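The numbers here are math on the coordinates, done by the rules we state, and not lab data. Please read these numbers as outputs of a predicted model, since none were measured by experiment. Neighbour counts are summed over all protein chains in view; Cβ atoms, including those assigned to glycine, are modelled from backbone coordinates with ideal geometry.
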Amino acid sequence: MTAAAFSSEPVPPGDRPVPAALAELFTAMEQLDLQPLAADDDALADVLLGLTRAAAKLDAITVPVASAWDARGAWGHDGSKSARARLARESWDDPKHCGTTLRRSRGLRSMPLAGAAFEAGRIGADRVDVLVRANASHRAKEYAESEAHLVSIAETVADFDDFARTVRYWIDAADDASSSGDPETRARRQRESRGLDFASGLDGVRFLNGRFDAIDGDIVDGELRRLEQQMFEADWAEARERYGDDARADQLPRTARQRRADALVEMATRSKSLPDGSPLARPLISVLVDYPTLNGAVRELFNGTVLTAGQVASLLAEADLERIVFEGASRVLDVGVRTRMFRGATRRAVEVRDRRCSFPGCTVPAEWCQVDHIIEYTDGGLTTQDNGRLLCPRHNRQRPGRRPRDAAAPDLEPGRRSGRPAHRRPERQPDLSWRCGQGGVGSWMRERPPRSPVLDLLAPTTIAEVTHIEMPFR
């Protein structure tokens, strides 16, 4: 590439001439007429998803071009110190975004299967970036051996967080098998890197900047979320009182950021008002861990953050242990009894199994969810874990009012009064397979989606014990 391809003078990207190789592409984009779709919600959704797919295709096409430009050193023709600096300057884009693009193109040089899936549109740029980070130089051999498996996970696991967490487990396993990797050393460094700065600005304004390890971060985040949720509900009550039942989110007295700041102040206020020696609330954090060795298939915080065995071991001195026995990936066979009183074992089994709202794409954690019958209790559904799933308040309210009967519903006793449950076991239990999109929302309402693929690490033909660790305030 010649120096003429990039100008030393700042030129707005929109003022640059269109390269001849891309002329037809730019012409086609300019001729798109999407106005007729404005009145059709379904068509809008289809086009939006299609444009997202087109953007992913452009990301994939960019990879070999960026790789060649970077490898040739063409970026240095004008004296630029790095490819990222040159690309950011000429494109007027965020240097971080430019760095990600170049890092992706470099990584895919040694990742043929991921590159092929990216080019074919089976995975997007964000998932490619997760795989690129997994393919670090000290794990190159392990990645090459496992690439087909990891790409398969990227192509089949719908939820991005579940995919990233599963790759995190693979990284820990690969580092355990490699002499150059040590998860415990990483955990120790993570702990040692903790810190908090509280700086002063003009007129007494204070600036907070901090870093926590995975465990302490979950403690702080969990309490902030709890208090912020209380403030959110209070704000909604105030808005409804002022504007009526048609109150909107933009009429709330505080933004989410303001509520989080107020929640932090509330934490400090409550701490100061707590007498020394007062009993502390429990539990505060939850950890799922493979019971026999503390180093098995499942070892993570309730929010999905993967821990090392050493991090889990450090909690045992002050933890309550609750035994939960899984049969395969989703069915809880037994919930054990802790030394402290434990009630609601069926609810707890559903919480530990589902971990978050079961509506597709919703990430509301279990503590803010309600346990809902898949088959209505009034339709003869049993109050069991097989017939239960977590729903956040919003998605529980959005369920159709006493849903219409469909093939998944059990037969009812003839002559049964409306509103009274049948006094017999339904002839059919709910179908727990996930068929989102095949029958619309109605089909989802009768089914429970499978939870995190991490639980699929438990072989379906085996019984595995998972210990649930609950921690008090430190």
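Shape descriptor for region 212-271: Rg over Rh equals 1.09 (Cα atoms; Rh from the Kirkwood inverse mean 1/r). When you filter the trypsin sites (Lys or Arg not before Pro) in region 228-268 for DSSP loop state and at most 14 other Cβ atoms inside 10 Å of their Cβ, you are left with Arg248.
In region 77-151, which trypsin sites (Lys or Arg not before Pro) are in a loop and have at most 13 other Cβ atoms within 10 Å, using DSSP for the loop call? All intermediate terms of the calculation are to be shown ahead of the outcome.
Details: sites: Lys81, Arg84, Arg86, Arg89, Lys96, Arg103, Arg104, Arg106, Arg109, Arg122, Arg127, Arg133, Arg139, Lys141; in loops: Lys81, Arg122.
When the trypsin sites (Lys or Arg not before Pro) of region 77-151 are filtered for loop state and at most 13 Cβ neighbours within 10 Å, Lys81 remain.
Computed about the Cα centre, the dipole magnitude for region 212-271 is approximately 180 debye when only Lys and Arg (+1) and Asp and Glu (-1) carry charge, each at its Cβ. Here Lys96 is the anchor, and the lysines within straight C-alpha reach of less than 22 Å, apart from those fewer than 8 places off in the same chain, are Lys57, Lys81.
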